Amino acid sequence: MWKDSYKKSRKDRIKLLKENGNISDENFNNLMDSKVLTNEIADKFIENQIGIYGIPLGIATNFLINNKEYVIPFAIEEPSVIAAACNAAKIIKANGGFSAKIDERLIIGQIAIYDILDFEKAKNDILKEKTQLLEIANNSQPNIVNLGGGARDIKIEKKGEFLIIYLYVDAKDAMGANTVNTMLETISPIIIEICRGVKLMSIISNYSTSCMVKAECSIEIEESVGKRIEKAIEFANVDTYRAVTNNKGIFNGIDAIALATGNDWRAIEAGLHAYASKDGRYKSLTTWKCIDGRLHGSIEIPLAIASFGGSVNLHPTSKISLEILGNPTAKELAEITACVGLAQNFAALKALVTVGIQKGHMKLQLKSFGVYLGLSNEKIKKLEKLFENETHITLDKVNEKIKDID
């Protein structure tokens, strides 16, 4: 169904989504009309709103995750990202697809207290009241408890001059900021009374180490290419300059899904960058090992991505994106997102250690120039042949070459 989807028109791709049952009639009409965020809704998102900044919404195909086929929405403005994701996913699908798993999904909140006279006593006194504190936290948010979620645990650590109380909350499919922050504010006065310290702040943490998701794949590959990809990860792990760009490629996919589904991509990135530095050096978020002609890839990341609440439910496009994905739970969305990050990394590394990454970029750049100049698809294809040996493309060069086209 999705074969050569990049050659189809925008409207034909939308029709395929409808025929495949990915979208409702209402969202089919919304996509056909290219409806964007209205100013009325945008004004609810931010202060001093003056307009709408549009980002292209596309789809990545060929993803087989836990034996289930997915069409994945990407909101991104960078050329070649979706093409790279589709190509990588196609190769991985032919090798059995991705496997992914997330065991628990707990959001972490913190209360920071200082001027503690006896840290050990304060810690023990608070832990004695843990059951009651969890009950008080849950009483403050009955809705999440009725859905099966709620505060699950309290842990305490001394770091520097601070006694830090960590509250672990099952926010179900929501990002959970309001829920967690309300719970923290509810129990913090009691904790202050217990430990006789001074509260500095209470706030959710975006370092979601209790939302760990892992994705894996195994690909039959030419030994020399597989070994070079393995070496590319070794390079990233000894050189921060390379590691940053390596991970940026992973975020091309992760951010695109987060943005398409109305999630806070800034929070996600901050948490993953911290995780990449957990060993004292900034490293690759992925691992690749080539063993006996098979390339084994994995990514394990803290990912508190949500499928409900906040802007996820407010933004009309995020609703469409989630429908395309089959309205996944937050755990399922985390698994999908991790697989996309792994696919993006494979695509980039394979290109870098073989033909180089510029080849694909330049073809898309040439297409962009052709569209800008109002050229037909036939003329753009002729331009591609004229530029196939070029290493640098500019608009002026394209204008010159146009003269050589019939």
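The values are calculated or read from the model by the stated rules, or taken from the named source; none is laboratory data. Please read these numbers as outputs of a predicted model, since none were measured by experiment. Virtual Cβ from ideal backbone geometry, glycine too; neighbours counted across all protein chains shown. Side chains included, ligands, DNA and RNA excluded: accessible areas come from the protein's heavy atoms. Shrake-Rupley method; radii C 1.70, N 1.55, O 1.52, S 1.80 Å.
Please work out which residue is nearest to Leu163 (Cα to Cα), limiting yourself to the range 121-132 and to residues that are in contact with a strand residue (DSSP E or B) (Cβ under 8 Å, 6 or more places away or on another chain) and open to solvent by 30 Å² or more (accessible area, probe 1.4 Å).
Per the criteria, the residue is Lys123.
What single numbered condition from (1) under 34 Å from the mean Cα position of the chain (by Cα); (2) charged (D, E, K, R); (3) not assigned by the TED database to the domain that holds Asn62 fails to hold for Asp115?
Of (1) under 34 Å from the mean Cα position of the chain (by Cα); (2) charged (D, E, K, R); (3) not assigned by the TED database to the domain that holds Asn62, only one is false for Asp115: (1).
Residue by residue, here is whether (1) within 24 Å of the chain's Cα centre (by Cα); (2) surrounded by 21 or more Cβ atoms within 10 Å (Cβ to Cβ); (3) more than 22 Å from Thr261 (Cβ to Cβ); (4) at pLDDT below 95 holds:
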position	(1), (2), (3), (4)
Pro73	yes, yes, no, no
Glu77	yes, no, no, yes
Phe98	yes, yes, no, no
Glu104	yes, no, no, no
Gly109	yes, yes, yes, no
Phe119	no, no, yes, no
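Which of the residues belonging to the range 260-269 are buried (at least 23 other Cβ atoms within 10 Å of the Cβ) and not small (Gly, Ala, Ser)?
Thr261, Asn263, Ile268
Is it the case, given these coordinates, that Glu135 is open to solvent by 70 Å² or more (accessible area, probe 1.4 Å) and closer than 30 Å to Asn95 by Cα? It would help to see each step written out before you state the result.
Numbers: open to solvent by 70 Å² or more (accessible area, probe 1.4 Å): yes; closer than 30 Å to Asn95 by Cα: no.
It is false that Glu135 is open to solvent by 70 Å² or more (accessible area, probe 1.4 Å) and closer than 30 Å to Asn95 by Cα.
Can you go through Asn22, Asn27 and tell me which one is closer than 29 Å to Asn87 by Cα, open to solvent by less than 60 Å² (accessible area, probe 1.4 Å) and outside any loop (DSSP other than H, G, I, E, B)? Steps first, please.
Numbers: Asn22 fails: outside any loop (DSSP other than H, G, I, E, B).
The match here is Asn27.
Does the range 33-48 include one or more residues that are surrounded by 13 or more Cβ atoms within 10 Å (Cβ to Cβ) and at pLDDT 90 or above?
The answer is no; no qualifying residue exists.
Does Lys93 satisfy the condition of being open to solvent by 60 Å² or more (accessible area, probe 1.4 Å) and in contact with a helix residue (DSSP H, G or I) (Cβ under 7 Å, 6 or more places away or on another chain)?
It is false that Lys93 is open to solvent by 60 Å² or more (accessible area, probe 1.4 Å) and in contact with a helix residue (DSSP H, G or I) (Cβ under 7 Å, 6 or more places away or on another chain).
Working carefully through the options Ala330, Ala347, find the one that is of a type in the set (A, V, I, L, M), buried (at least 19 other Cβ atoms within 10 Å of the Cβ), more than 23 Å from Pro79 (Cβ to Cβ) and in contact (Cβ under 8 Å) with a residue 12 or more places away in the chain. Spell out how you get there, then give the answer.
Values: Ala347 fails: more than 23 Å from Pro79 (Cβ to Cβ).
That would be Ala330, the only listed residue that is of a type in the set (A, V, I, L, M), buried (at least 19 other Cβ atoms within 10 Å of the Cβ), more than 23 Å from Pro79 (Cβ to Cβ) and in contact (Cβ under 8 Å) with a residue 12 or more places away in the chain.
Take the conditions outside any strand (DSSP E or B), open to solvent by less than 60 Å² (accessible area, probe 1.4 Å) and touching a residue at least 40 places away in the same chain (Cβ under 8 Å) and apply them to Ser202. Does it pass?
Against the criterion (outside any strand (DSSP E or B), open to solvent by less than 60 Å² (accessible area, probe 1.4 Å) and touching a residue at least 40 places away in the same chain (Cβ under 8 Å)), Ser202 does not qualify.
With the condition kept exactly as written, say whether any residue in the range 155-165 is at pLDDT 95 or above and either under 22 Å from Ile305 (Cα atoms) or in contact with a Pro (Cβ under 6 Å, 6 or more places away or on another chain) (or both).
There is no residue in the range 155-165 that is at pLDDT 95 or above and either under 22 Å from Ile305 (Cα atoms) or in contact with a Pro (Cβ under 6 Å, 6 or more places away or on another chain) (or both).
List the number of the failed condition for Gly197; all other conditions in (1) over 13 Å from Gln110 (Cα atoms); (2) out of contact with any Asp or Glu (no Cβ under 7 Å at 6 or more places or on another chain); (3) not basic (Lys, Arg) hold.
Of the numbered conditions (1) over 13 Å from Gln110 (Cα atoms); (2) out of contact with any Asp or Glu (no Cβ under 7 Å at 6 or more places or on another chain); (3) not basic (Lys, Arg), the odd one out for Gly197 is (2).
What are the residue pairs meeting all of these: first residue in the range 228-254, first residue of a type outside the set (S, T, N, Q), second residue open to solvent by 80 Å² or more (accessible area, probe 1.4 Å), Cβ atoms under 6 Å, and 6 or more apart or on different chains?
Correct list of pairs: Glu230/Lys289; Arg242/Phe235.
Go over the candidates Leu366, Leu272, Leu314, Leu322 one by one and state the one that is hydrophobic (A, V, I, L, M, F, W, C), crowded, with 18+ Cβ neighbours inside 10 Å and either farther than 28 Å from Tyr6 by Cβ or in contact with a strand residue (DSSP E or B) (Cβ under 7 Å, 6 or more places away or on another chain) (or both).
Leu272
With among the aliphatic types (A, V, I, L, M) and out of contact with any strand residue (DSSP E or B) (no Cβ under 9 Å at 6 or more places or on another chain) as the only criterion, which of Ile190, Ile233, Ile219 stands out?
After ruling out the rest, the residue left standing is Ile190.
Taking Gly148 as the residue in question, decide whether it is surrounded by fewer than 18 Cβ atoms within 10 Å (Cβ to Cβ) and either of a type in the set (Gly, Ala, Ser) or at positive phi (or both).
yes
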